[in-house]
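Read through the structure below, which is laid out as structure tokens, and then see the notes.
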Amino acid sequence: MNFSDYPWLKLPYQQLASGILHQRTHHALLINYVQGSGEDELIKLLANRLLCESTNQLDPCLSCHSCQLFGVNNHPDYYVITNEQGKQSIGIDQIRNISSKVYEKSQQGGNKVIWIKHASLMTEAAANALLKTLEEPPEKTYFILSDEHNSHLLPTIHSRCFSYFLAVPNLEQSVEWLKKQHNQQYNDNELATALLLSENAPLTALALLEPEKWQQRKQFCDNLSHVLPQNNYWQLAKTFDHEQFLERIIWFSTLLSDALKAKQKVGRFIINRDQVPLVRLLATQNNEKITALYDLWLQARTQLLSVTGLNKELIVYNVLAQSELIN
């Protein structure tokens with residue numbers, strides 16, 4: 001990884017890699033992040049440094065046999081554990097399997113690194129099985145657990161790890177980075193909006209700014225401008241696939257939140273900086289209606305995320321119909 005591509009990762013890497021260099025690193029590192037912050041790139045570089053045969057520099061040497069194996073995704077002492085395809089959780093068998101391997105001698109004679117990706121997906125049984133290994137870690141074995149900042153891990157797992165939060169860069173730094181990626185295709189308000197919709201995570205904002213995706217958002221906002229005066233939310237059903245509804249919920253919820261900010265004369269804090277006319281249009285409605293719409297759409301989001309077996313299309317139609325009943 002080149003830090004010129006992800007400049008905000010340089011300091012976090014230096015902070016974490018200095019412990020490796022001076023042989024003070026914790027055997028279990030828990031990294032929390034905002035998705036799209038470059039978390040995978042940082043963790044891969046840390047894993048590479050832990051496996052590197054060089055001991056006198058901060059960065060992996062990239063030339064030793066271990067680095068060469070890592071570079072072609074073929075290092076025998078590097079394990080990545082996450083939920084298997086089609087499954088929603090990391091099961092106990094996956095943890096037991098890796099636990100048996102970590103007590104064996106490393107194949108390259110150096111460190112072993114186990115990265116548990118989306119660690120909160122571990123079942124309680126899997127987490128308890130891992131806990132036993134974390135309590136009595138094998139020599140020269142390092143665990144990296146990673147998950148989003150709002151995820152939930154067992155407190156006992158937390159207590160066995162060194163926790164590190166990967167902070168997102170500030171808005172100005174991210175805007176400058178996005179300008180380089182898009183070669184001035186978007187103005188500052190559009191770039192800031194993409195970042196604020198993405199919790200300031202640069203890589204998530206970059207994906208949102210892909211022309212097709214950004215056009216979908218603009219079209220959604222245009223459609224809202226037409227349906228709001230007639231309170232005809234049902235027409236929105238024609239404008240998107242139902243699988244995209246979660247994304248639309250986030251977009252509409254932020255617009256509603258911005259409308260409340262505008263009514264309270266704190267418009268400088270709005271998220272949708274490229275949609276000021278639409279925010280003002282929403283702000284012509286009373287506070288009670290805006291709040292009721294906000295609650296309704298977020299409730300639909302919760303249903304879509306947490307309840308299995310429900311007809312998603314039915315949820316979409318219901319929230320659009322209920323929106324028209326709010327006065």
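Any read-out appearing in this document is the output of simple, stated calculations on the displayed coordinates, not a laboratory observation. Fair warning: this is a prediction, and the values are worked out from it, not measured in the lab. Because the Cβ atoms are built from the backbone with ideal geometry, glycine has one as well, and the counts that use them run over all protein chains shown.
Out of all DSSP beta bridges with both ends in region 7-166, state the antiparallel percent to the nearest 5. Mind showing how you got there, number by number?
Details: 0 of 22 bridges.
Around 0 percent antiparallel, to the nearest 5.
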Checklist outcome for this item: Simple SL model, points at 7 angstrom along Cα→Cβ for Ser4 and Gln264; separation in nm is 4.5
Next on the checklist: Using a Debye calculation, one point per C-alpha and no hydration shell, please list log10 I(q)/I(0) for region 150-191 at q = 0.16, 0.20, 0.23, 0.34 Å⁻¹ in order.
Outcome noted: -0.58, -0.66, -0.76, -1.16
Checklist entry - Dimensions of the chain along principal axes (Cα, Å, largest first)? => result 71, 44, 32
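What is the ratio of the Cα radius of gyration of region 48-141 to 2.2 N^0.38 Å, with N the residue count, to two decimals?
1.17
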Checklist entry - Taking +1 at the Cβ of each Lys and Arg and -1 at the Cβ of each Asp and Glu, which of Ser163, Gly86, Ser18 sits farthest along the dipole of region 7-166 towards its positive end, judged by Cα position relative to the Cα centre? => result Ser18
Checklist outcome for this item: Expressed to one decimal in nm², the mean projection of the alpha carbon convex hull of region 7-166 is 9.1
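Starting from the Cα-Cα distance between Leu62 and Asn327, subtract it from 0.36 nm times their residue separation and give me the gain in nm to one decimal. Mind showing how you got there, number by number?
On the way: separation 265, 0.36 × 265 = 95.40 nm, distance 6.35 nm.
Stretched out fully, the Leu62 to Asn327 stretch lengthens by 89.0 nm.
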Next on the checklist: Test of understanding: given the chain, find the longest segment containing no trypsin sites (Lys or Arg not before Pro) that are in a DSSP loop and have at most 13 other Cβ atoms within 10 Å.
Outcome noted: 106-264
Checklist entry - Using Cα-only point scatterers and the Debye equation, what is log10 of I(q)/I(0) for region 210-325 at each q in 0.14, 0.20 Å⁻¹, rounded to two decimals? => result -0.56, -1.15
Item to check | Hull volume in cubic angstrom per residue (convex hull over the Cα atoms of region 111-191) | outcome: 137
Checklist entry - Working out 0.36 nm times the residue gap between Arg280 and Lys132, then minus their Cα-Cα distance, what length gain in nm do you get to one decimal? => result 47.7 nm
Next on the checklist: Quick one: 3J(HN,Hα) in Hz for region 149-162, Karplus 6.51/-1.76/1.60 with θ = phi - 60°, rounded, Gly and Pro as x.
Outcome noted: 5, 9, 7, 10, 10, 4, x, 5, 5, 3, 5, 8, 10, 8
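Would you please give the FRET efficiency between Glu288 and Asn189, computed as 1/(1 + (r/R0)^6) with r the Cβ-Cβ distance and R0 = 30 Å, to the nearest 0.05? Could you put the intermediate results ahead of the total?
Working: r = 30 Å, r/R0 = 0.99.
The calculated FRET efficiency here is 0.50.
Region 1-100: which GluC sites (Glu not before Pro) are DSSP loop and have at most 13 other beta-carbon atoms within 10 angstrom? Working shown, then result.
Numbers: sites: Glu39, Glu41, Glu53, Glu84; in loops: Glu53, Glu84.
Sites meeting the loop and neighbour criteria: Glu84.
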Checklist entry - By how many nm would the segment from Asn83 to Leu305 grow when fully extended, if each residue of separation counts as 0.36 nm and the alpha-carbon distance is taken off? => result 78.2 nm
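Over region 1-99, what per residue volume does the convex hull of the Cα atoms give, in whole Å³?
Details: hull volume 13.3 nm³, N = 99.
Per-residue hull volume (Cα only) is 135 Å³.
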Checklist entry - Measuring from label point to label point, each 7 Å out along Cα→Cβ, what is the Ser100 to Gln215 span in nm? => result 5.3
Item to check | Residues whose placed amide H lies under 5 Å from that of Leu29, excluding near-sequence neighbours | outcome: Phe143, Ile144, Leu145, Phe162
Item to check | For the chain: relative contact order, % (alpha-carbon pairs under 8 angstrom, 6 or more apart) | outcome: 16
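With a Förster radius of 25 Å, plug the Cβ-Cβ distance of Gln23 and Asn150 into 1/(1 + (r/R0)^6) and report the FRET value to the nearest 0.05. Could you put the intermediate results ahead of the total?
Values: r = 33 Å, r/R0 = 1.33.
According to the calculation, E is roughly 0.15.
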